[in-house]
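Chemist: Here it is: the structure, laid out below.
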Amino acid sequence: METTEAAREIPISVCSPSCLSGFWKAAIEGEPSCCFQCVPCPFGETSNQTDSLGCSSCPWDMWPNERQDQCIPKNIDFLSYEDTLGLILTVFSITLSIVSSAVLALFNRYRDTPVVKANNRFLSYILLLALSLCFLSSLAFLGFPSHEKCLVRQAAFGIIFSICVSCVLAKTIIVVIAFKAINPNNRLKRWVGPWLSYLVVIICTLIQIFQSIVWLVISPPYSQFNIYTQPGQIIVECNEGSTIAFWCMLGYLGLLASISFIVAFLSRKLPDSFNEAKFITFSMLAFLSVWLSFIPAYLSTKGKYMVAMEIFAILSSSSALLFCIFFPKCYIIILRPEMNTKEFLRGR
């Protein structure tokens, strides 16, 4: 009886078990076709059936699951306002912009006092307004990087920041010329006047505007989906178009800041009546330090952290200009009004 039942059993016709989903059948050299080995699907591919003869790639916006038996959507990654990092940067941007506006309102209220009138008060107004806009311009780097946002954010930042740095440069030049022109026989006396500072700001800003227009016309920035940097994620980012134009923009800002720093440093020992050069020296030193440290950090990061690094550099360097140049004057206006007189300045 047992012999009869054994004879009725169907013999197994393969020498290898079936391959599950996520694997594919690879033939074994020198063995019959019924013998094979189960090989896991390559990185980034899937198989969703048993005894699959091969694996297939997922669509560009999808990624295999852990078992590699089906494709799942990739995570979309960008620096949004809802992220903790994005929320912190947003709060700082808005707060610092409000502080700049408050300082501007304070200066306007005490516009006829010697501290505000020193070194061209209208130039201070322009600088404070530009700083307020500069803080707000960092918000353009947050949120979904749409094509329109990518197109204008770097150019807007470069132009606004050029106004800030050119105002500082104009203030530095005014300090030097005003002191040198004390001598009646000095030829620099004819250069003393507000028109010179405005001319410096206009020329320096127009150069940056021209450079930005050339950048936007020849090789404009655009939005792109980066699927290669981090597996399983789609990084939505702005491609700057021309890398050369981007670094030329930053290099031009660095050039203006360097000139301002050198001139302010050389004139830092002028009499205390013109001591704004000392504050400009500190502000430009902090400005250059931030952007010099920004370059290696920017090049070594990817994705949303690269954007966060640029926002941090914008906020830090703008804060250096605001705090170093204007807060000493705010201290005198609010807490030491007895120092805000012509007699005190002349006495010093």
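The values are calculated or read from the model by the stated rules, or taken from the named source; none is laboratory data. The model shown is predicted, which means the values in this text are computed figures rather than measured ones. Here the Cβ positions follow ideal geometry from the backbone for every residue, glycine too, while neighbour counts run over all protein chains shown. When the accessible area is computed, the model is the full protein with side chains, heavy atoms only, and any ligands, DNA or RNA have been set aside. Shrake-Rupley method; radii C 1.70, N 1.55, O 1.52, S 1.80 Å.
Chemist: Quick one: Cα centre-to-centre distance for segment 294-348 and segment 66-123, in angstrom?
Modeler: Centre-to-centre distance over Cα atoms comes out at 14 Å.
Chemist: With an 8 Å Cα cut-off and a minimum separation of 6 or more residues, compute the relative contact order for the chain in percent.
Modeler: Averaging sequence separation for qualifying contacts and normalising by length gives 16 percent for the chain.
Chemist: What distance in nm lies between label points placed 7 Å from Cα along the C-beta direction at residue 222 and residue 330?
Modeler: With each label point 7 Å from Cα toward Cβ, the separation is 4.4 nm.
Chemist: Pick from 37, 211, 230: which residue has the top mean-square fluctuation in a GNM of the chain where Cα pairs under 10 Å get a spring?
Modeler: Sorting by GNM fluctuation, first place goes to 37.
Chemist: Between 0 and 90 degrees, rounded to the nearest ten: what's the tilt of helix 194-218 against the longest Cα principal axis of the chain?
Modeler: 20
Chemist: As I understand it, the dipole of the chain uses +1 on the Cβ of Lys and Arg and -1 on the Cβ of Asp and Glu, about the Cα centre. Which of 293, 100, 71 lies farthest toward its positive end?
Modeler: Most positive-ward Cα: 100.
Chemist: Given labels modelled 7 Å from the Cα in the Cβ direction, how far is it in nm from residue 299 to residue 152?
Modeler: In this crude label model, residue 299 to residue 152 measures out at 3.2 nm.
Chemist: I want to verify the translational diffusion coefficient of segment 28-101 in µm²/s; compute it with Stokes-Einstein, Rh as the Kirkwood radius over Cα pairs, at 25 °C and 0.890 mPa s.
Modeler: 147
Chemist: Pairing the Cα long axis of helix 243-266 with the longest principal axis of the chain, what angle in degrees results, from 0 to 90 and rounded to the nearest 10?
Modeler: That works out to roughly 30 degrees.
Chemist: Moving on to the next point. On C-alpha positions alone, give me the angle between the axis of helix 276-300 and the longest principal axis of the chain, in degrees, nearest 10.
Modeler: Once rounded, one gets 10 degrees.
Chemist: Please give the FRET efficiency for residue 248 paired with residue 105, using the beta carbon to beta carbon distance and R0 = 41 Å, rounded to the nearest 0.05.
Modeler: Efficiency at R0 = 41 Å is approximately 0.70.
Chemist: Continuing with the same structure: Could you rank the peptides 303-316, 79-92 by their average count of other C-beta atoms within 10 Å per residue, with the highest value first?
Modeler: Packing proxy ranking, top to bottom: 303-316, 79-92.
Chemist: Can you give me the distance in nm between label points at residue 255 and residue 213, each placed 7 Å from the Cα along the Cα-to-Cβ direction?
Modeler: Going from the residue 255 label point to the residue 213 one covers 1.8 nm.
Chemist: Let me ask you something else. At 0.36 nm per residue, minus the direct Cα-Cα distance, what do residue 233 and residue 81 gain on full extension? Give it in nm, one decimal, please.
Modeler: 52.8 nm is the gain from fully extending residue 233 to residue 81.
Chemist: If you don't mind, another one. For the chain, with every protein chain kept in place, what is the accessible area per residue (1.4 Å probe, Å²)?
Modeler: Heavy-atom SASA per residue in the chain reads 55 Å².
Chemist: Now for a separate question. Listed highest first by mean packing, meaning other Cβ atoms within 10 Å per residue, what order do 237-244, 280-287, 56-63 come in?
Modeler: 280-287, 237-244, 56-63
Chemist: If I compute solvent accessible area with a 1.4 Å probe over the protein chains, what percent of it on the chain is carbon and sulfur?
Modeler: Taking all protein chains in place, the chain shows 65 percent carbon and sulfur surface.
Chemist: How do 109-118, 317-326 rank on mean C-beta neighbours within 10 Å, highest first?
Modeler: 317-326, 109-118
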